[in-house]
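Read the figures in this text as sums done on the coordinates, not as results from a lab. No experiment lies behind these values; they were computed from the predicted model shown. Quick reminder, even Gly has a Cβ in these numbers, built from the backbone with ideal geometry, and neighbours come from all protein chains shown.
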Amino acid sequence: MTHSANTCSPSKELIVLKLGGSAITRKDGDHLLDRPLVEAIAKELAGIDSKLILVHGAGSFGHPVAKRYGIHQGYRERGQLRGVTETKSSMLQLTMMLTELLADHNVAVIPFLSSSCMVASRGRLLRVDTEPFRMMLDLGFVPLCSGDVVADVETGFSIVSGDQIAVYLAERLNAARVIFGCDVDGVFDSDPKMNPHANLIRVITPRTLSEKVRSIGESAATDVTKGMLGKINESVSLVSVGREVVILNLRRPGNLTRLIQGEDIECTRFIPDSRGPTA
Ligand code: IP8
């Protein structure tokens, strides 16, 4: 197998890309991958000349089973152990499918199990062994991990989202930016899946965040809106130290490449105040 030109170079900027579960999996059944979409993403990734870490979400592979067993509530009773096993098994299947598809498109992917290198406290990451990520990145690999059930010092186990992991790794490994790939164009002032007149918020800065969040909060509370707010809230510390967070639509072909080449695409950029419109 030949791999892409994602070779080792200390000067290349690092990008952490979250492959959102709602984009890469199908909602019309459990354990269904949107294969054509992932193939299109893989082709784009093979042509990107940056260091990359991929973090995938759970979508229909992880959330239904985790919810059924109350995994997010932490350890309550022995019957949940079966639920953790099922959740892990299903997430592993998704990781394997992505690994194979990415490798087929010459992306030098290397899967990491989040549950084997991360420890949380009440669902917040406490420790991550980032050394293997760093070493594999330096060799030209593209590490791939996921949101996961991880050991938790307070609750026994907990679910740590891929969003949190993406931002944590970006902070610790000094990534220039985090890209959250979703199934909508970015953060809207109301849920674009319910309201065709919803407006895309193109730029958010830490200073304008509370005002923007107020307008998002006034819209109907939906999963999408909450998910978007979660991504933004997760990213505040990263943006405050000068990095950029972009929320874009993975379902628009070429979006990733165009963004990375510096084109102005439909998306939401969460950027430092010093680079914001009124700075
Ligand atoms: O889809 C959740 O990750 P997310 C992980 O990134 C599990 O929130 C196991 C449900």
Which residues' amide hydrogens lie under 5 Å from the amide hydrogen of residue 179, considering only partners 5 or more residues apart or on another chain, with H built in the peptide plane? 16, 17, 18, 246
Percent of alpha carbon pairs in segment 106-199 separated by more than 17 Å? 59 percent
Using a Förster distance of 30 Å, how high is the FRET efficiency between residue 28 and residue 210, based on the Cβ-Cβ distance and rounded to 0.05? 0.20
Nearest 500 deg cm²/dmol is fine: what mean residue ellipticity at 222 nm does the chain get from its DSSP H runs of n ≥ 4 alone, each adding -39,500 (n - 2.57), divided by its residue count? -12000 deg cm²/dmol
Using r as the Cβ-Cβ distance of residue 72 and residue 275, and R0 as 30 Å, what FRET efficiency do you calculate, to the nearest 0.05? 0.25
Once label points are set 7 Å from the Cα along Cα→Cβ at both residue 258 and residue 202, what is their separation, rounded to one decimal in nm? 1.3 nm
Computed lengthening from residue 127 to residue 86, 0.36 nm per intervening residue step minus Cα-Cα distance: 12.3 nm
The distance between the Cα centres of segment 246-279 and segment 47-101, in whole Å, is 28 Å
Roughly speaking, what is the stretch gain from residue 236 to residue 103, that is 0.36 nm per residue apart minus the C-alpha to C-alpha distance, in nm to one decimal? 44.6 nm
Report P(r) for segment 25-102: all Cα-Cα distances, bin width 10 Å, range 0 to the bin holding the largest distance, values in whole percent. 17, 42, 26, 12, 2
Hz values of 3J(HN,Hα) by residue in segment 259-268 - Karplus curve (6.51, -1.76, 1.60), Gly and Pro given as x: 4, 5, 7, x, 7, 8, 10, 5, 6, 10
Considering only the chain, percent of DSSP beta bridges that pair antiparallel, nearest 5: 35 percent
